[in-house]
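The structure under discussion appears below in the form of structure tokens.
Here, each number is a calculation from the coordinates, and none is a lab measurement. From a predicted model like this one, the values you see are computed outputs, not experimental measurements. Reconstructed Cβ throughout: ideal geometry from the backbone, glycine too, with neighbour counts over all protein chains shown.
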Amino acid sequence: MQFDRDRRHLLSALTLAPFASAWHASPAAAQSAAELPSIAQPADRTKAAFLARARALRDEAVREGDQAYGAVVVRDGVIVGEGRNYVVLQTDPTAHSELLAVRDAARRLGTRDLSQCEVYSTATPCAMCQGALFWARVRRVFTESTLEQGFVPRLGC
Ligand SMILES: [Zn+2]
């Protein structure tokens, strides 16, 4: 197992070597938190307001021709990350709203530990996104149907 993983790392390093410069110049890596536009905050810091923002992101995605999903990451009553689906527009099958919201929050907060954060999503996150929320240590997820209690993201189906 360990050997396989090391070998895989070595192989990916070798195959990616020619693209190393392009890889480092990727927008995600180049964009620091200071360069990101600030996030507009809802007037009310309520669960309903956070979910409403997730819905607005979903609607934005639909208007631009993407899939109907939106999500926000909240810490201490402040939206610290936002995401909407970009699967169609970026031709990326993994560009789900929750996953992008977690990446956005981690970049803005400068930490991969989101254990003080909650996620509000327009739909129940898929296995991939719950995995991302799990690894980020997001403490609770709230959706339309689980707005009262929410649930803890878990790895796997
Ligand atoms: Zn997903």
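Remarks
- Using the Cβ-Cβ distance between Arg137 and Val62 with R0 = 30 Å, the FRET efficiency computed as 1/(1 + (r/R0)^6) comes to roughly 0.50.
- Shape class of the stretch 78-153 from the Cα gyration tensor (axes a ≥ b ≥ c, square roots of the eigenvalues): oblate, since a/c reaches 1.5 or more and a/b does not exceed b/c.
- Mean-position separation - Cα centroids, the stretch 91-157 and the stretch 56-74, in angstrom: 15
- The GluC sites (Glu not before Pro) of the stretch 92-157 that DSSP puts in a loop, and whose beta carbon has at most 15 other beta carbons within 10 Å, are Glu148.
- Gain in span if fully extended, Arg154 to Ala48, counting 0.36 nm per residue against the direct Cα distance: 35.8 nm
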